[in-house]
Amino acid sequence: MSVAALLADARVCVIGGSGGVGKTTTSAAIAAGMAARGLRVAVVTIDPAQRLATALGLDELDNEPRRIEPERFDAVGLPLGDGELWAMTLDPKRTFDELIEKLAPDDATREQILANRVYRELSDAIAGSQEFTAVAKVHELTQEGGWDLLVLDTPPSRNALDFLDAPDRLSAFFDGRALQTLLRGGGAGLRLIGRGTGLVLGLLKRVTGAELLSDLSDFFRLLGGLIGGFRERAAQVEALLRAPSTQFLLVTSPEREPIEEAIFFQRRLRAAHMRLGGAIVNRVHADELGGEDGGLTDLSVVLERDAGLSPPLAARVAAAFADEHALARRDAANVIQLAERLGHGVPLLQVPLLDGDVHDVEGLVRLQAQLFGPPRGR
Ligand SMILES: Nc1ncnc2c1ncn2[C@@H]1O[C@H](COP(=O)(O)OP(=O)(O)OP(=O)(O)O)[C@@H](O)[C@H]1O
Ligand SMILES: [Mg+2]
């Protein structure tokens, strides 16, 4: 099974999964692979470390998609032909401000909101939970038209499900519920608006006394006018996530914890009526020795006899193989378990642990080859 088949009818592909499993790299590799199949693709990543920018040979990505020079891929054996690859790194705070700018009825209101200190403090915290702004950006790109496929990376997050809860958090922000709960001093308020635990303190330190009161009342008045527009936008964004042309792909490593999270994620997607197109198990240890354990005991003998290694070296090499073999067997068992728990309807792709990090275009193309299989016609 190839990613190309999974995404045959997709216009939007959301890459989810727990932290550090390879979402950003996979997003870029998938986007490149689809561009090589003649599509006009944009990949939106959320990668504060700018790893993707580095991988694509751009020093910095900005808040609008930028076209990647096709020569970069040509040079490493992945001609894009008529396809186009565009990439951007989401700037959550800027995207959020842009959203406000679009929703504001006039320039004066817009300026007042953006300058309001309560807004600034809170929007930082909201932008810190980047999920909604990311989907809002993708929604905006779909409205622009011209894209065959949008690939959305999701933020580094301890909880991959934040993504699905984000629209609710944002709605709470807009109708002032978050702030009201916050001011009542409830811990629930803090949870509601995300991870900004120092938020109240920060807010009170910066905006005090009478100023706080007037800023607060301005805040509610100004944002009150935007609620309708925001609700509409949030509904469109949710509809986008549920559209038949939107596919979620789940990335996981073959370890226990990310697998548990993947299963949980699938349940949540299902409950939210969103489509899981498939799962990608990334960084799977390859089994150099095949499935048989019997080969191991003889390996050092063979290495001594046939490869002419000294006995201690032969033993060390054999031990290294044995370690790899044990990891490979663990991975294989975990993958089988994952497949069973996801159910037959969910295609599962395995990507081996590649030598070295995937930090350049060449690495992306190697990953792409694993995800898409051998080029057709060869
Ligand atoms: N198949 C692979 N083989 C070897 N290295 C890989 C592979 N896939 C990803 N990596 C490396 O693993 C690291 C983590 O990848 P990546 O940044 O894409 O993960 P992520 O899920 O986006 O992380 P975060 O949750 O922090 O955003 C990177 O250094 C990347 O180069
Ligand atoms: Mg990432």
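Please count how many residues of segment 1-47 are in contact with a Leu (Cβ under 6 Å, 6 or more places away or on another chain), closer than 18 Å to W147 by Cα and hydroxyl-bearing (S, T, Y).
Total satisfying the criteria: 1.
Just need a number here: residues in segment 38-49 that are crowded, with 22+ Cβ neighbours inside 10 Å and more than 14 Å from ligand 2 (Cβ to nearest atom).
Residues in segment 38-49 being crowded, with 22+ Cβ neighbours inside 10 Å and more than 14 Å from ligand 2 (Cβ to nearest atom): 2 in total.
Quick one: which helices (runs of 4 or more DSSP H) lie wholly within segment 97-163 and hold at least 2 residues that are at pLDDT 85 or above and under 30 Å from G33 (Cβ atoms)? Break it down stepwise before answering.
Details: elements: 107-115, 117-128, 131-144.
Result: 131-144.
Give me a count of the residues in segment 327-378 that are farther than 25 Å from F265 by Cα, of a type outside the set (K, R) and not in a helix (DSSP H, G or I).
Residues meeting the conditions: 11.
Is it fair to say G57 is at positive phi, more than 14 Å from ligand 1 (Cβ to nearest atom) and either open to solvent by 30 Å² or more (accessible area, probe 1.4 Å) or in contact with a Pro (Cβ under 6 Å, 6 or more places away or on another chain) (or both)?
Answer is yes for this residue.
Across segment 214-243, which residue is modelled with the highest pLDDT among those that are within 12 Å of N116 (Cα to Cα) and open to solvent by 60 Å² or more (accessible area, probe 1.4 Å)?
Out of the qualifying residues, it is R221.
Please count how many residues of segment 251-274 are at pLDDT 95 or above and in contact with a Gly (Cβ under 8 Å, 6 or more places away or on another chain).
3
Please go through segment 252-291 and pick out each residue that is within 14 Å of V14 (Cα to Cα) and open to solvent by 30 Å² or more (accessible area, probe 1.4 Å).
R275, L276, listed by residue number.
Please work out which residue is nearest to V281 (Cα to Cα), limiting yourself to segment 334-366 and to residues that are within 16 Å of ligand 2 (Cβ to nearest atom) and open to solvent by less than 10 Å² (accessible area, probe 1.4 Å).
Among residues in segment 334-366 that are within 16 Å of ligand 2 (Cβ to nearest atom) and open to solvent by less than 10 Å² (accessible area, probe 1.4 Å), the one nearest to V281 (Cα to Cα) is V351.
Identify all residues within segment 6-35 that are open to solvent by 30 Å² or more (accessible area, probe 1.4 Å) and touching a residue at least 12 places away in the same chain (Cβ under 8 Å); write none if there are none.
Going through segment 6-35, the residues open to solvent by 30 Å² or more (accessible area, probe 1.4 Å) turn out to be 8-9, 11, 19-20, 25.
Passing the criteria: D9, R11, G19, G20, T25.
The values are calculated or read from the model by the stated rules, or taken from the named source; none is laboratory data. These figures come from a predicted structure and were not determined experimentally. We place every Cβ from the backbone using ideal geometry, glycine too, and count neighbours over all the protein chains shown. Quick note on the areas: whole protein, heavy atoms, side chains included, nothing else; ligands and nucleic acids left out. Shrake-Rupley method; radii C 1.70, N 1.55, O 1.52, S 1.80 Å.
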